[in-house]
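Report on one structure; see the data block that follows.
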Amino acid sequence: MRLLTHNMLACNIKGVTNGYPLRLEAEKWVEKEVDFNADFLRGVFPKIDWPALVGAARALGFHDLLPVDAPDPSVLASDDELLRRFHRALLQLHVEEGGLVCPETSRRFPINKGIPNMLLHEDEV
Amino acid sequence: MQPRFCMEVGCGSGYVITSLATMLRHESSAVQYFATDINPHAVETTSATLEAHGLQAEIICTDIASGIGKRLSGMMDVIVVNPPYVPTPEEEVGYKGITSSWAGGENGRKVIDRILPAVHELLSEKGWFYIVTLTANNPSQICLVMREMGYASRIVVQRSTEEESLHVIKFWRENTANVKDDKSLGSWISQIPLLSFWRSSRFSS
Ligand SMILES: C[S@@+](CC[C@H](N)C(=O)[O-])C[C@H]1O[C@@H](n2cnc3c(N)ncnc32)[C@H](O)[C@@H]1O
């Protein structure tokens, strides 16, 4: 699971209203090289919840990879260094083992072999 | 169309998403793939299949797009679904085990009918949605349901065996006149041995 996916996942338990972002627990993670594509990154940037991405990177131990405040899109257009950091956080870091914890209910969704399991128990749907 | 995000719902063996990614690999390196399945064994198989081909997709074990649909809404340029479509007793539809790979309930529509609104939420303005159906699923009625949500449709593959007839239907938003350049995807989808696949998965475990 990449941080891109963490950025898109929310708690799906019925009735939960503050289920985003899920708190990331990373027991094991790996980095895999991905082709850098500036157009893709600029296109996807508006869809990304920046604080959630910063929090997820921190959960992996990257405290200074990204600026705390979301950059202005115009900065992203000119700042190649920042774009590369964004690329690394969003697409290159993979959580292999760990969990995702709902901020409202503390329900933990496990991540095994890189795959988050969002299946609900019968009393949660 | 230059797809940016593609998704498969019910990825099972991983064969479909793997061949989609293989085909699009030559067009662009910047496509992100998402694949979901309700079966925990299926998602691991998908992962292994992708890896064996040197490909990457974000795999999530979930019911259709539960937990991911809202934030991804309107982002998917291509969605492919080879759903559990075999008419079965209703109680076979559900969560656990290999039965969920084919059990479709009455008319085989139980899961399909929940997938359609999810696709409507996920699909981008110019997005394309491909779904495999059997005649028993009443494909023309599926087209009607989609039409009410604003989609045009076309049968892109039709195949028959003695027992059943299978269609792949393509849907796109009616207001987007972008059907003409779908040669590559259309021919890709027809190469997939969809029917043979679910048969082998049905009987192999
Ligand atoms: C006919 S199989 C197709 C599998 C895969 N596309 C392939 O060709 O190998 C249907 C798949 O849908 C999955 N499925 C069934 N119900 C589902 C649901 N509610 N949400 C997600 N996947 C589901 C099954 O586990 C199964 O893997």
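Values quoted throughout were computed directly from the atomic coordinates according to the rules given, and no laboratory measurement underlies them. Please read all numbers here as calculations on a predicted model, not as lab measurements. Neighbour counts are summed over all protein chains in view; Cβ atoms, including those assigned to glycine, are modelled from backbone coordinates with ideal geometry.
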- Task: Would you compute, from DSSP H runs of 4+ residues alone, the mean residue ellipticity of the protein assembly as shown at 222 nm, taking -39500 (n - 2.57) per run and dividing by the full residue count, rounded to the nearest 500?
- Result: -8500 deg cm²/dmol
- Message: Taking beta carbons within 10 Å but only from partner chains, what does the mean come to for residues A:8-14?
- Response: 5
- Return, in residue-number order, each cysteine of the protein assembly as shown whose C-beta is not under 4.7 Å from any other cysteine's C-beta. B:CYS6, B:CYS11, B:CYS61, B:CYS143
- Item | Packing rank of B:69-77, B:46-54, where each peptide gets the mean count of other beta carbons within 10 Å, highest leading | B:69-77, B:46-54
- Which residues make up the longest stretch of chain A clear of GluC sites (Glu not before Pro) that lie in a DSSP loop with no more than 15 other Cβ atoms within 10 Å, not counting the sites? A:34-103
- Task: Read phi for every residue in region A:113-118 and hand back ³J(HN,Hα) as whole Hz from Karplus 6.51 cos²θ - 1.76 cosθ + 1.60, θ = phi - 60°, with x for Gly and Pro.
- Result: 6, x, 10, x, 10, 9
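Relative contact order of region A:3-118: what whole-number percent is it, with Cα pairs under 8 angstrom and at least 6 residues apart? Let's see the in-between values first.
Values: 172 pairs, mean separation 44.2, N = 116.
Worked out over region A:3-118, it gives 38 percent.
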- Gaussian network model of chain A, springs between alpha carbon atoms under 10 Å - residue of A:ASP72, A:ASP49, A:ASP80 with greatest fluctuation: A:ASP72
- Qualifying trypsin sites (Lys or Arg not before Pro) in region A:15-109, DSSP loop, other Cβ atoms within 10 Å at most 12: A:LYS32
- Each label sits 7 Å from Cα toward the beta-carbon; between A:GLU122 and B:SER165 the label points are separated, in nm, by 4.1
